[in-house]
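Below is one structure, written out as structure tokens; the observations come after it.
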Amino acid sequence: MNTILSIPKSLIHEEINGKPIYKKGYKDFLLGLKKIEEINMGSSKLQAAILSILQEFLVLKGIASKYRILNSEVGLHLATGTNFSSDFAIYLKSTLDLNKDPFNYSDIPPEIALEVDLDIEIENQSPYNKYVTIKTERLLEWGVKKVIWVFTSNQQILIADNLKRWEYISWDVPFEVVDAVMVNLQELMLENGYQIPPMEM
């Protein structure tokens, strides 16, 4: 119990049913191997580039007239004790009042939640994809219309728009983000001067 209490709140990434989900590397801090500022608190260059390119593309496609694109790990308050973050979230302008409780997490589900990778510490040998599944299901149950995951290690994309059937595709396969706006991530990255890195083995 003392160890848990000694973990700084800044190392909590998300929370499910009152249980904290810690950032990857927090155990190194507890063991004195790393200072808190040495824990990976931000995105890699590849992750940041993917988010930036996608947002620029969507704005150029004109969705900003109808939607707001919020980024910088948007805080999502699903219920007491359950708080997620989203790399970027797409809201209908008509549903999101930015002037209401501006310093709090959003308690309104976005139309689209998009994630690039998952930087958490996996506890008790729990599979990485188990947490992806839990988070995706909770977001859809909450009212998010579509959850999109972009994975950099295997260059796969997970698209989930219902609780029954999800689809995995590779980066070079076009997919719809919102309102028939199609994205080919690999093509988009190459057009913007980014080389596609080799997949991790």
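The values are calculated or read from the model by the stated rules, or taken from the named source; none is laboratory data. Predicted model, so just to flag it, every value in this text is computed and none were measured. Ideal geometry is used to build each Cβ from the backbone, glycine not excepted, and the neighbour counts take in all protein chains shown.
Applying the selection to the range 162-201, what residues are of a type in the set (D, E, K, R) and touching a strand residue (DSSP E or B) at 6+ places or on another chain (Cβ under 8 Å)? Show your work before the answer.
Quick first cut of the range 162-201, residues of a type in the set (D, E, K, R) only: 164-165, 167, 172, 176, 179, 187, 191, 200.
Hits for the range 162-201 are 167, 176.
Any idea which of (1) of a type in the set (D, E, K, R); (2) modelled with pLDDT of 95 or more; (3) closer than 20 Å to residue 21 by Cβ; (4) more than 17 Å from the chain's Cα centre (by Cα) is the one residue 137 doesn't satisfy?
Of the numbered conditions (1) of a type in the set (D, E, K, R); (2) modelled with pLDDT of 95 or more; (3) closer than 20 Å to residue 21 by Cβ; (4) more than 17 Å from the chain's Cα centre (by Cα), the odd one out for residue 137 is (4).
As an exercise: evaluate residue 193 against (1) within 22 Å of residue 80 (Cα to Cα); (2) surrounded by fewer than 11 Cβ atoms within 10 Å (Cβ to Cβ) and give the number of the one condition it does not meet.
So residue 193 meets the others, but not (1).
Please find, among 132, 74, the residue that is crowded, with 17+ Cβ neighbours inside 10 Å, at pLDDT below 95 and not in a strand (DSSP E or B). I'd like the intermediate steps shown before the answer.
Working: 74 fails: not in a strand (DSSP E or B).
Answer to the selection: 132.
For residue 110, all conditions in the list (1) within 20 Å of residue 52 (Cα to Cα); (2) part of a strand (DSSP E or B) hold save one; what is the number of the exception?
Of everything listed in (1) within 20 Å of residue 52 (Cα to Cα); (2) part of a strand (DSSP E or B), residue 110 misses just condition (2).
Does residue 159 count as surrounded by 13 or more Cβ atoms within 10 Å (Cβ to Cβ), in contact with a strand residue (DSSP E or B) (Cβ under 9 Å, 6 or more places away or on another chain), over 24 Å from residue 63 (Cα atoms) and among the aliphatic types (A, V, I, L, M)?
For residue 159, the condition - surrounded by 13 or more Cβ atoms within 10 Å (Cβ to Cβ), in contact with a strand residue (DSSP E or B) (Cβ under 9 Å, 6 or more places away or on another chain), over 24 Å from residue 63 (Cα atoms) and among the aliphatic types (A, V, I, L, M) - is not met.
Could you list, in sequence order, the residues of the range 138-156 that are surrounded by 14 or more Cβ atoms within 10 Å (Cβ to Cβ) and over 16 Å from residue 89 (Cα atoms)?
151, 152, 155, 156
Listed residues 153, 85; which is within 27 Å of residue 196 (Cβ to Cβ), in a loop (DSSP other than H, G, I, E, B), among the polar types (S, T, N, Q) and modelled with pLDDT under 95?
153
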